[in-house]
Amino acid sequence: MSWQEEAARLVRAFEAKIAPLEERCAISQWELEVTGDEKHLTEYEDLCLAVSAHYADKEHYDKVKGLLKRSDGESDLRRELDRLEKRCARRQMSARIIEETTRRGVALEACYNTFRAEIGGKRVTDNDIENCLLNSTDSSAVEEAYRASKSIALYCGTNDSLPPVHEQIREVAGLRNEGAREIGYENNYQMSVE
C-alpha cells in the first residue's frame with residue numbers, strides 16, 4: 001500500500017470515529033450552556049473524556065508520527081496528518097491528568113454558564129452588565145456593574161458545592177501545567193502555542 005493510501009485510510013478511519021463524538025460533545029456543551037441542567041453536565045463531561053481518549057490513544061499517535069516521518073513534501077493529506085499529530089500530542093499525558101483536567105474544566109465551564117451577577121439585589125445577565133458598562137453615563141452604576149461582573153471569582157456553583165471559581169481556575173491551570181510537563185513542555189501555555 002502506498003503512503004498516500006495508508007495515510008488517507010488512517011485519517012478517514014479516525015475522522016469516522018471522532019467526528020460523531022465531537023458533534024455530540026458540541027451539542028451537549030450547547031445544551032449545558034443553555035440550560036445549566038446537571039444531566040447535560042454529566043453527558044458533556046463523559047463525551048469530553050471519550051474525545052480525549054481517542055486522541056490520547058498511543059498506538060494511533062505512533063502510527064500518525066510514523067506516517068509523518070515517511071511523508072515526502074507538502075500536500076493536503078500531509079497537513080491533515082500534521083494537525084492530527086498536534087491534537088494527539090497534547091493528550092499524551094497520564095490518564096489521571098486528562099480525567100481530572102476534563103472533569104474540573106467542565107465544572108468550571110458550568111460555573112461560568114450558571115453564574116448571574118447581582119446589581120442592587122437583583123440578578124442580572126451578562127448582557128445587562130455589558131449594556132451598563134458600554135452605555136451608562138452614571139459612574140456609580142458603571143462601577144457597580146463592573147464589580148458585579150467580577151463577583152464570579154467567589155461563585156461556588158449552583159448549590160455551593162464547589163470551591164470558589166478563582167480557586168478552580170488555579171487548580172485547572174496547575175493540572176494543565178503538570179500534564180504539559182509530563183510530555184516535555186515547560187507549561188500548558190508553551191504546549192498550546194507549539
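Numbers for the structure displayed
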| item | result |
| --- | --- |
| Euclidean distance between Cα centres, region 1-56 to region 118-142, Å | 38 Å |
| Estimated [θ] at 222 nm from DSSP helical runs (n ≥ 4, -39500 (n - 2.57)) normalised by residues in the chain, nearest 500 | -25000 deg cm²/dmol |
| Angle between the chain longest axis and helix 139-150 axis [Cα atoms, degrees, rounded to 10] | 40 degrees |
| Sparsely packed GluC sites (Glu not before Pro) within region 45-131, loop by DSSP, other Cβ within 10 Å at most 16 | Glu74 |
| Sites matching trypsin sites (Lys or Arg not before Pro) across region 87-194 that sit in DSSP coil, with at most 15 neighbouring C-beta atoms within 10 Å | Arg116 |
| At q = 0.17, 0.18, 0.20, 0.25 Å⁻¹, base-10 log of I(q)/I(0) for region 75-171 (Debye sum, equal scatterers on each alpha carbon) | -0.81, -0.85, -0.95, -1.22 |
| Quarter of the Cα convex hull surface for region 23-97, i.e. its orientation-mean projected area (nm²) | 6.1 nm² |
| Crossing angle, helix 95-114 versus the chain [Cα axis fit, 0-90 degrees, rounded to tens] | 30 degrees |
| Cα convex hull volume per residue for the chain (Å³) | 154 Å³ |
| Accessible surface of the chain [probe 1.4 Å, protein heavy atoms]: carbon and sulfur percent | 49 percent |
| Per residue accessible area in Å² of region 147-192, where ligands, DNA and RNA are left out and the probe is 1.4 Å | 61 Å² |
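The values are calculated or read from the model by the stated rules, or taken from the named source; none is laboratory data. Note that the coordinates shown come from a computational prediction; the quantities given were computed from them, not determined experimentally. Please note: Cβ atoms are built from the backbone with ideal geometry, for glycine as well, and neighbour counts cover all protein chains shown. Please note that ligands, DNA and RNA were not included when accessible areas were found on the heavy atoms of the full protein model with its side chains. Shrake-Rupley method; radii C 1.70, N 1.55, O 1.52, S 1.80 Å.
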